[in-house]
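Worksheet for the structure shown next.
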Amino acid sequence: MKPTTPLVLKKPEIVATALALVLAASGCKDQAKESADHAVSDATYMAALVDKDVGEIERGLPQGATRLSTLLANGADPKQNVADVRKGLFKVRRDVPDLDIAKSTFFALADSTGVAIRNDLEEDVMAGQNLFSIFPALAKAKDAYTTTVGAFPNGSTKNGPDEDWIAGAPVKRDDGSTGAVFVTGWTYRYFARHLQESLKDKLVEAAKKNAEEGKLPVFYVAVFDKTGVYSAPLTPVVDEQALAAQDLLGKTAAGPAQGTLSLTDRAFGRAAMRAPKLAPDTGVVVLRSEL
């Protein structure tokens, strides 16, 4: 058996090989930068969508609370007829246009002390819980429309911990006193999925317009705040961990921020910006990689 002859590159070949490696690295960097630039546009779209979604609750919840006052008419106690409460919640959601299209995962009625009476879900695990104890700032909803962020007990998911965005509005009795609180909300991971699906629809529409249906980028959307990053379900754990390590809150303190990173040998661009209408020190981030 003949001995293996070592591969020896001549000087021109060494230069060519090195140049190829440099160009490949440069190409990855340019691709990541391109993705980051696109992600800025995506994040801007997401932030505007957040404002729209929160605006629906901001307008619709007080209107719904006014309609629910019939449950308190003539001194009635909603706790004595929870079936009517659920029917009332269904009717209000159907009849108030903003609530009919709201991204809420539940609507509920709590008494004036914050104890949940009934929500509109078939299985009500919220009933009997004191929402003011879980979300202290929600107690302000006895006087006016209020939003806050926290977490229901056992709110963790397969993707990890989650946060709950909650809004409340007072339901008045005949004498003008607050007899109940109309409450709604969503989790950050659920909301991130809604944002991601909305972005997908936008990108698909753009691809069809440009006859490039097969060229959708790889992308993920997440909501972030001081407690962490909350991505949509099915987002790779390594991607969420990478975003969590980016100090998104700090980098967006002065405005939108973008950057590049490499994940599983793939070049990504990311863009993040605050969404103060959702909650203080809260924002959205888009992670994107072109095909």
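Would you be able to tell me the number of residues in the range 260-278 that are touching a residue at least 40 places away in the same chain (Cβ under 8 Å) and on the phi > 0 side of the Ramachandran plot? Residues flagged as touching a residue at least 40 places away in the same chain (Cβ under 8 Å) and on the phi > 0 side of the Ramachandran plot within the range 260-278 amount to 0. Scanning the range 110-137 for residues that are in a loop (DSSP other than H, G, I, E, B) and in contact with a Ser or Thr (Cβ under 6 Å, 6 or more places away or on another chain) turns up Ser112, Phe135. If I filter the range 256-269 for residues that are assigned to a loop (DSSP other than H, G, I, E, B) and either assigned by TED's automatic domain parsing to the domain that holds Lys158 or over 14 Å from Ala43 (Cα atoms) (or both), do I get at least one hit? Looking through the range 256-269, at least one residue is assigned to a loop (DSSP other than H, G, I, E, B) and either assigned by TED's automatic domain parsing to the domain that holds Lys158 or over 14 Å from Ala43 (Cα atoms) (or both).
Applying the criterion of being buried (at least 19 other Cβ atoms within 10 Å of the Cβ) and of a type in the set (Val, Ile, Thr) to the residues of the range 261-291, the residue that is nearest to Glu213 (Cα to Cα) is Val286.
Every residue, every condition in (1) touching a strand residue (DSSP E or B) at 6+ places or on another chain (Cβ under 9 Å); (2) among the aliphatic types (A, V, I, L, M), yes or no:
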{"residue": "Val223", "(1), (2)": "yes, yes"}
{"residue": "Thr227", "(1), (2)": "yes, no"}
{"residue": "Val238", "(1), (2)": "yes, yes"}
{"residue": "Ala254", "(1), (2)": "no, yes"}
{"residue": "Arg274", "(1), (2)": "yes, no"}
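Residue pairs whose Cβ atoms lie under 7 Å apart, sitting 6 or more positions apart in sequence or on different chains, and linking a residue in the range 193-205 that is free of Cβ contacts under 8 Å to residues at least 24 places away in the same chain and under 14 Å from Ala43 (Cα atoms) to a partner that is among the aliphatic types (A, V, I, L, M) and part of a helix (DSSP H, G or I), do not occur here.
Identify the residue in the range 196-235 that is of a type in the set (Gly, Ala, Ser) and assigned to a helix (DSSP H, G or I) and, among all such residues, is surrounded by the most Cβ atoms within 10 Å (Cβ to Cβ). I'd like the intermediate steps shown before the answer.
Within the range 196-235, the subset of a type in the set (Gly, Ala, Ser) is 198, 206-207, 211, 214, 222, 228, 231-232.
Add one more test, that the residue is assigned to a helix (DSSP H, G or I), and what stays is 198, 206-207.
Numbers: Ser198: 17, Ala206: 11, Ala207: 15.
Across the range 196-235, the extreme among qualifying residues is Ser198.
In the range 75-95 there is at least one residue that is under 20 Å from Asp143 (Cα atoms) and either polar (S, T, N, Q) or in contact with a Leu (Cβ under 8 Å, 6 or more places away or on another chain) (or both).
Return a yes/no flag: does the range 152-160 have any residue that is at pLDDT 95 or above and hydrophobic (A, V, I, L, M, F, W, C).
Start the filter on the range 152-160 by keeping residues that are at pLDDT 95 or above, which leaves none.
Looking through the range 152-160, none of the residues is at pLDDT 95 or above and hydrophobic (A, V, I, L, M, F, W, C).
Condition first: in a loop (DSSP other than H, G, I, E, B) and either crowded, with 16+ Cβ neighbours inside 10 Å or hydrophobic (A, V, I, L, M, F, W, C) (or both). Now tell me which residues in the range 138-152 satisfy that.
In the first step, residues of the range 138-152 are kept if they are in a loop (DSSP other than H, G, I, E, B); the result is 143-145, 151-152.
Hits for the range 138-152 are Ala144, Tyr145, Ala151, Phe152.
The values are calculated or read from the model by the stated rules, or taken from the named source; none is laboratory data. Since this is a predicted model, take the numbers as computed values, not measurements. All Cβ positions, glycine included, derive from the backbone under ideal geometry; neighbour counts span all protein chains shown.
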